[in-house]
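Nothing in this text is a laboratory measurement; each read-out follows from the coordinates by a stated rule. Since this is a predicted model, take the numbers as computed values, not measurements. Cβ coordinates were reconstructed from backbone atoms using ideal geometry, including for glycine residues, and neighbour counts include every protein chain displayed.
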């Protein structure tokens, strides 16, 4: 990941698709310190004893926005589970909504996630350097399911409520498939969301789209080879 966390303009090089650092299924989730929208500090340890689903997102992230109705339904279906959204860096900053300049500004902007997108989950705000985001993979829209003992039972590089629902219905075992084949959110979602960053933000993603497509195809191919290799190893040891 590039040194500058809060980039001013989106480039494909800001993300390494196919690389997903952080705790995998079966490993202990790393502790973090985040802030609520009123500035109270919370840590992962504060949620010990609860099932926890964490998604990352931002105001200009179409992949996050497409999920909001699904998450609201899932939250109602599983009242025993804590659903959290972590506000990370802006995926597509521009002249209207640029890179975060202070933690106070970031916390104030986080309120848009509830008011604009009607997200019913509690929103926690990562710090300006993205410490939690980096620990948890650094991609724009990751999701983690963490059990009451603090272990990851599922994570995915792109968040889809329907996949998380399957995990929650079978949460007594690990789920190791952590990659989803996508290109980008649908244009009728992506365009207005990116425009919140500005016309320059929309220009940036338009220019990058061929490279985004290629990067996703490469990530899909790498994941296929990994799974195929794993299946061959399992058969050989059987």
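Observations on the structure shown:
- When each of 165, 35 is scored by the number of other beta-carbon atoms lying within 10 Å, the sequence from fewest to most is 165, 35.
- The chain: relative contact order in percent, alpha carbon pairs under 8 Å with at least 6 residues between: 29
- Sorted by Cβ neighbour density within 10 Å, fewest at the top, the residues 95, 159: 95, 159
- Applying 0.36 nm per residue to the separation of residue 183 and residue 134 and subtracting their alpha-carbon distance, the gain on full extension is 15.4 nm.
- Computed [θ] at 222 nm, deg cm²/dmol, the chain (DSSP H ≥ 4; -39,500 (n - 2.57); rounded to nearest 500): -12000 deg cm²/dmol
- Peptides ranked, highest mean first, by Cβ atoms within 10 Å: ranges 184-191, 195-202, 56-63: 56-63, 195-202, 184-191
- For segment 12-237, share of DSSP beta bridges that run antiparallel, in % to the nearest 5: 55
- Ranked 102, 110, criterion: other C-beta atoms within 10 Å, fewest first: 102, 110
- Shown is the FRET efficiency for residue 166 and residue 127, computed with R0 = 22 Å from the Cβ-Cβ distance and rounded to the nearest 0.05: 0.10.
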